[in-house]
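Notes follow once the structure below has been shown.
The values are calculated or read from the model by the stated rules, or taken from the named source; none is laboratory data. No experiment lies behind these values; they were computed from the predicted model shown. We place every Cβ from the backbone using ideal geometry, glycine too, and count neighbours over all the protein chains shown.
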Amino acid sequence: MQLVFEQIRAGGDRNLGYLLADRDAGLGVLIDPSFSPEAFVQRADDQKITITHVINTHSHPDHTSGNAEATAATGAPLVVHADAPTAAAVRVVEGQSLAVGSLVLQFFHVPGHCADHVLVYEARHRLLITGDLLFVGKVGGTSNDADARTEWDSLQKLLRLPDDTTVWPGHDYGVRPSSTIALEKASNPFLRVPDAGAFLALKRDWPDVKQKYGLR
Ligand SMILES: [Zn+2]
């Protein structure tokens, strides 16, 4: 099969969304079309792809704002985690898969940044859509220590995937717009800490660390 995979800049706060498709089958999905649903639908049309599903990584408004327009334009149902408050036709849970042509998209439930956050993983091409759980060089914000601990546990799940898995985040917050599990293990300060306690401490100290190392 021929893979179609496009990272699309959606506007907003450097939001990134994705078109993922099986060209031979002519079928694909849109992920987090957010602020530019028309641009995502246009890319699918240009690639002659019929969109079978619109997927949200999580229910924050900057990821869901394009849902109504994207689903109306494509006729495709919205896919969200079972706990999401979003009205959606398809609700997925941990470990569930979705076939799109010959692609198999696996969903992992990864709460912390948001209770209904999912990762989307395509094992054959080792593509991992990480939403706001993992950015390049950073991790998603959390509002309290309990959520930060939950996020730590979710990150451990992600780190069990193969090192050459490519990482595709929900915002372009890093030094490049994508990464790999190996690169993040080697360079992301939030993945280099030894345990949840150190992870919480780094989150607390992050404003100072950023300033010290000139990070943005
Ligand atoms: Zn978010």
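Tabulated data
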| read-out | value |
| --- | --- |
| Flag for Leu119 being modelled with pLDDT of 95 or more and within 14 Å of the ligand (Cβ to nearest atom) | yes |
| The listed residue being away from the ligand (no atom under 16 Å from the Cβ) and touching a helix residue (DSSP H, G or I) at 6+ places or on another chain (Cβ under 8 Å), out of Ala44, Ala99 | Ala44 |
| Selection status of Thr142, more than 14 Å from the chain's Cα centre (by Cα), surrounded by 18 or more Cβ atoms within 10 Å (Cβ to Cβ) and within 16 Å of the ligand (Cβ to nearest atom) | yes |
| Filter result for Gly112 (touching a Lys or Arg at 6+ places or on another chain (Cβ under 9 Å) and either more than 16 Å from the ligand (Cβ to nearest atom) or within 22 Å of Ala198 (Cα to Cα) (or both)) | yes |
| One residue from Arg204, Arg176, Arg124 being part of a loop (DSSP other than H, G, I, E, B), away from the ligand (no atom under 16 Å from the Cβ), without any contact (Cβ under 8 Å) to a residue 24 or more places away in the chain and exposed (fewer than 13 other Cβ atoms within 10 Å of the Cβ) | Arg124 |
| Yes/no for Thr52 being part of a loop (DSSP other than H, G, I, E, B) and either in contact with a Gly (Cβ under 8 Å, 6 or more places away or on another chain) or on the phi < 0 side of the Ramachandran plot (or both) | no |
| Filtered residue count, the range 127-139, keeping only those that are closer than 19 Å to Val29 by Cα, within 15 Å of the ligand (Cβ to nearest atom) and surrounded by fewer than 22 Cβ atoms within 10 Å (Cβ to Cβ) | 0 |
| Pairs with Cβ under 7 Å, 6+ apart, first in the range 48-69 and within 17 Å of Leu19 (Cβ to Cβ) and of a type in the set (Asp, Glu), second away from the ligand (no atom under 12 Å from the Cβ) and not in a strand (DSSP E or B) | Glu69/Pro37; Glu69/Glu38 |
| In the range 102-112, the residues that are under 16 Å from Asp153 (Cα atoms) and touching a Ser or Thr at 6+ places or on another chain (Cβ under 6 Å) | Val110, Pro111, Gly112 |
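For (1) buried (at least 22 other Cβ atoms within 10 Å of the Cβ); (2) assigned to a helix (DSSP H, G or I), each residue gets a yes or a no:
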| site | (1), (2) |
| --- | --- |
| Gly28 | yes, no |
| Ser34 | yes, no |
| Glu69 | no, yes |
| Val79 | yes, no |
| Arg91 | no, no |
| Ala99 | no, no |
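Listed here are the residues, each with its yes/no results for (1) within 15 Å of the ligand (Cβ to nearest atom); (2) without any contact (Cβ under 8 Å) to a residue 24 or more places away in the chain; (3) closer than 22 Å to Thr166 by Cβ.
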| site | (1), (2), (3) |
| --- | --- |
| Ala10 | yes, no, yes |
| Ser34 | yes, no, yes |
| Thr71 | no, yes, no |
| Pro77 | no, no, no |
